[in-house]
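Participant: Below you'll find the structure I mean.
The values are calculated or read from the model by the stated rules, or taken from the named source; none is laboratory data. This structure is a prediction, so every number in the text was calculated from the model and none was measured. Cβ: placed from backbone, ideal geometry, glycine included. Neighbour counts: every protein chain shown. Calculation scope for accessible area: heavy atoms of the full protein, side chains included, ligands and nucleic acids excluded. Shrake-Rupley method; radii C 1.70, N 1.55, O 1.52, S 1.80 Å.
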Amino acid sequence: LDMEFTGLHSTSLQNNEPSLFDSPEERYVKARQSVQRFTLVQLGLAIFSKENSNKYLVHSYNFFLFPSTLGMKDVEFTLSTSSIQFLSHYGFDYNKFLKDGIPYMNEVQEKILRQHLLAGTWKVCSNADRDVLNKAIVEVTTWIAAAKEEDTMILQDLSGYHMIEVQLVLRQALENVWTEPLGDKKVMVKKVSPEHRQLLENSSYDRCQKKLILLSARGFTNLFQILVKVKKPLVGHNMLMDLMHLHDKFYRPLPESYEEFKRNIHNLFPVIIDTKTVTKSVQKKCLFPRISSLVEAYAVLCSSNLNSKGPPCPVIALASGCSRYAEKKFPHEAGYDAFLCGSVLLMSAHLLLCRSTDAAVEAEPSFSQYLAVLAEHVNKVNFIRGGVSSINFSGEDCPCRHPPALVVHVRGWPGLTEGQIYQEFKARCRFDVRRLSKNQFILLSNKYKQVRHVLRDYKHHPHLQVSVYRHWRHSPSVNCLLQISGIVALWSLLAFVLGGARSC
């Protein structure tokens, strides 16, 4: 699975950027706000099927998505200029997203639409839709005045929801018409008697039955529900935001509780594998070059010298309709990246299997064997720059092993801000900064080497004294507690001394 969005982190929200200081709960609150503001533009799905031999056949799909508008409150979402430019650079088709995007809705939106359909309070939302419908109503009312019973006319150039909306509006406004979709953006309108109309409405051939309208409005959500039902392993790369959008757009609005979100995702998809987490492990165990992207991971794993002694990796073949991915790279096209995710997973699992056992590895390992060797990574989703290394959807989150925090004590430099401290140290390394007290700041980095360099370079700085953070020594709460304890101890001592003097 892979997704592309209209944005990642909202800059209009204060302190919304990911930070090394973030706990999983804090990061979830930040990410939840962003997910609620942005939407999906494309979802890629690659289905890997094991063949009889040591071969996997891949069917890879691209789904352009657009929020459902049928009878719904008008949906609003935000565009991030950096994300839009990024996707444009890689050739993303925004016309296809806006004009032909497949609708979707979550359970709450579906419930509202169902209630409106049953109560007859369904209405058209957008002005563009109203223009199309007004044009159709004018055509039909002009025609029907002179038409005879059983006469027909054709409405043309209707697309998407307009095929349904036109029929619903005409049937609601005129009791002596019947409508049928003809395909190819056409709807047939027939003049009928009210009695004949009633018979047609109760027939199984009516294409505007409430259940069929809901089926159409759910759009991609129908496929999401199938994915949930089959319970197949779900594979992604750095997939926390993907999972949050899956929950919010196709299941239910994201809950306020981080733990509830984890439980819900685990119930929907019991087996999740993040290739970012897997490749970090492979990197350490197999000592291959550092990688920063999915494309790099795929290129490194495809190199023949990684597993020269063991049996060859399984053959990964693209189905005939997806063959262009075998001929050319399409980075950040969701279907292509989904194909890379599955391929990276299989190659990583094969490499780990060959390195992890003393016994001879079978020439054609089963997928069950791959899952077994990946067991420590199952349901562990990479946590980018934060207080844990990964989010565990089936248990406790994994603690992170950061380099020690540094504390900066400022002397003779009044009014220094977190932003100024960040700029001061930015040239040496990307530290995250948090104010500790009026004249003290905490610095966090994820690289030991740069922490050592800062300690060395600032040893004799005239204004900034840098040392390793010690909780018992630098924490304001601990210092406050020690001060209070000291005052209490002093008063106790005074009371003892004065009490003893009076008794003498």
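Participant: Considering each residue of region 312-338, count those that are in contact with an Asp or Glu (Cβ under 9 Å, 6 or more places away or on another chain) and modelled with pLDDT of 90 or more, and give that number.
Facilitator: Number of matching residues: 12.
Participant: What pairs can you find where one residue is in region 6-19 and under 19 Å from N446 (Cα atoms) and open to solvent by 80 Å² or more (accessible area, probe 1.4 Å), the other is at pLDDT 80 or above and in a loop (DSSP other than H, G, I, E, B), and their Cβ atoms are less than 9 Å apart, with a gap of 6+ or different chains?
Facilitator: Going by the 9 Å Cβ cut-off, the qualifying pairs are E17/H9.
Participant: Taking S60 and the conditions (1) open to solvent by 60 Å² or more (accessible area, probe 1.4 Å); (2) touching a Cys at 6+ places or on another chain (Cβ under 8 Å); (3) not hydrophobic (A, V, I, L, M, F, W, C), which numbered condition does it fall short on, given that it satisfies the others?
Facilitator: Answer for S60: the failing condition is (1).
Participant: Let me ask another. Only one residue in D93, D74, D22 is modelled with pLDDT under 95, of a type in the set (D, E) and surrounded by 18 or more Cβ atoms within 10 Å (Cβ to Cβ). Which one?
Facilitator: Just one listed residue meets the conditions, D22.
Participant: Going by the structure shown, is I273 at pLDDT 90 or above and either under 17 Å from the mean Cα position of the chain (by Cα) or open to solvent by 20 Å² or more (accessible area, probe 1.4 Å) (or both)?
Facilitator: So I273 fits the description; yes.
Participant: Out of region 404-435, which residues are touching a Ser or Thr at 6+ places or on another chain (Cβ under 6 Å) and surrounded by fewer than 17 Cβ atoms within 10 Å (Cβ to Cβ)?
Facilitator: Once the filter is applied, which keeps residues that are touching a Ser or Thr at 6+ places or on another chain (Cβ under 6 Å) and surrounded by fewer than 17 Cβ atoms within 10 Å (Cβ to Cβ), region 404-435 yields only C429.
Participant: State all residues of region 1-18 that are under 18 Å from the mean Cα position of the chain (by Cα) and small (G, A, S); if no residue qualifies, say none.
Facilitator: If the condition is that a residue be under 18 Å from the mean Cα position of the chain (by Cα) and small (G, A, S), then G7, S10 are the ones that fit.
Participant: Hey, among the residues in region 217-236 that are closer than 30 Å to N382 by Cβ and open to solvent by less than 30 Å² (accessible area, probe 1.4 Å), which one's farthest from the chain's Cα centre (by Cα)?
Facilitator: For region 217-236, the residue satisfying everything is G219.
Participant: To continue, here is another question. Specify the residue that is farthest from W413 (Cα to Cα); the eligible residues are those in region 424-457 that are in contact (Cβ under 8 Å) with a residue 40 or more places away in the chain and among the hydroxyl-bearing types (S, T, Y).
Facilitator: Once the filter is applied, the top-ranked residue is Y448.
Participant: Here's another thing I want to ask about it. Looking at region 75-121, what helices (runs of 4 or more DSSP H) fall wholly within it and have at least 1 residues that are charged (D, E, K, R), within 16 Å of S216 (Cβ to Cβ) and touching a residue at least 12 places away in the same chain (Cβ under 8 Å)?
Facilitator: Ranges flagged: 94-100, 107-119.
Participant: Follow-up. Of the residues L494, L490, L443, only one is modelled with pLDDT of 65 or more and open to solvent by less than 60 Å² (accessible area, probe 1.4 Å); which?
Facilitator: L443
Participant: In region 326-335, what residues are touching a strand residue (DSSP E or B) at 6+ places or on another chain (Cβ under 9 Å) and surrounded by fewer than 24 Cβ atoms within 10 Å (Cβ to Cβ)?
Facilitator: Once the filter is applied, which keeps residues that are touching a strand residue (DSSP E or B) at 6+ places or on another chain (Cβ under 9 Å) and surrounded by fewer than 24 Cβ atoms within 10 Å (Cβ to Cβ), region 326-335 yields A326, H332, E333, G335.
Participant: Does R27 satisfy the criteria of being among the charged types (D, E, K, R), under 21 Å from E260 (Cβ atoms) and open to solvent by less than 30 Å² (accessible area, probe 1.4 Å)?
Facilitator: yes
Participant: Look through L200, L214 and report the one residue that is touching a Lys or Arg at 6+ places or on another chain (Cβ under 8 Å) and open to solvent by less than 60 Å² (accessible area, probe 1.4 Å).
Facilitator: L214
Participant: Just to confirm my filter: which strands (runs of 3 or more DSSP E) fall fully inside region 161-280 and include at least 2 residues that are among the charged types (D, E, K, R)?
Facilitator: 186-191
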